[in-house]
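Take a look at the structure set out below.
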Amino acid sequence: MKRYLLLPLVFLASCAPALQHVQGTASTLTFSEAGLTFTNGDSEAALKVVVAVDGGTTTDRRCAPPAQGIRVCRLGDVPANTAAPVIALVGQLGDANATWRTPAGKLRAIVGTK
């Protein structure tokens with residue numbers, strides 16, 4: 001039964017690179033030993049960036065206490081071709097995703113890569 005519940009998630013995760021290509025974004029969300037880094041690789045600002053993280057602990061003031069295991073971190077606006085300060089996380093990290101708006105108001109989303 002669990003296999004059938006996880007199958008759609010695996011499928012969606014495998015589509016993440018294609019989704020980034022379709023959306024036309026060069027931005028990334030990368031796991032490292034230091035934590036998570038959102039890099040805006042686009043030629044325009046990423047507005048109101050929000051990162052949702054499954055697992056891990058942090059004292060970063062940009063992150064709210066977890067609700068049902070999911071921690072939400074508000075990074076604010078990230079200028080074009082720059083990286084937001086690293087979200088320092090420790091412990092067992094699951095998945096993460098980032099969402100933001102373009103200056104034209106379009107919603108963008110990416111999945112973190114390990």
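Values in this text are rule-based calculations from the coordinates and carry no lab data. Computed from a predicted model, the values in this text were never measured in an experiment. Cβ sites come from the backbone with ideal geometry, for glycine too, and all protein chains shown count toward neighbours.
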Practice problem: Could you go through the stretch 57-64 in sequence order and give the Karplus-derived ³J(HN,Hα) for each residue, using 6.51 cos²θ - 1.76 cosθ + 1.60 with θ = phi - 60°, rounded to whole Hz, and x for Gly and Pro? | Solution: 10, 7, 10, 4, 5, 6, 9, 7
Self-check item: Simple label model, 7 Å out from Cα along Cβ direction - Thr99 to Thr28, nm
Solution: 2.4
Quiz prompt | Centre separation in Å (Cα based) which lies between the stretch 88-114 and the stretch 54-70 | solution = 14
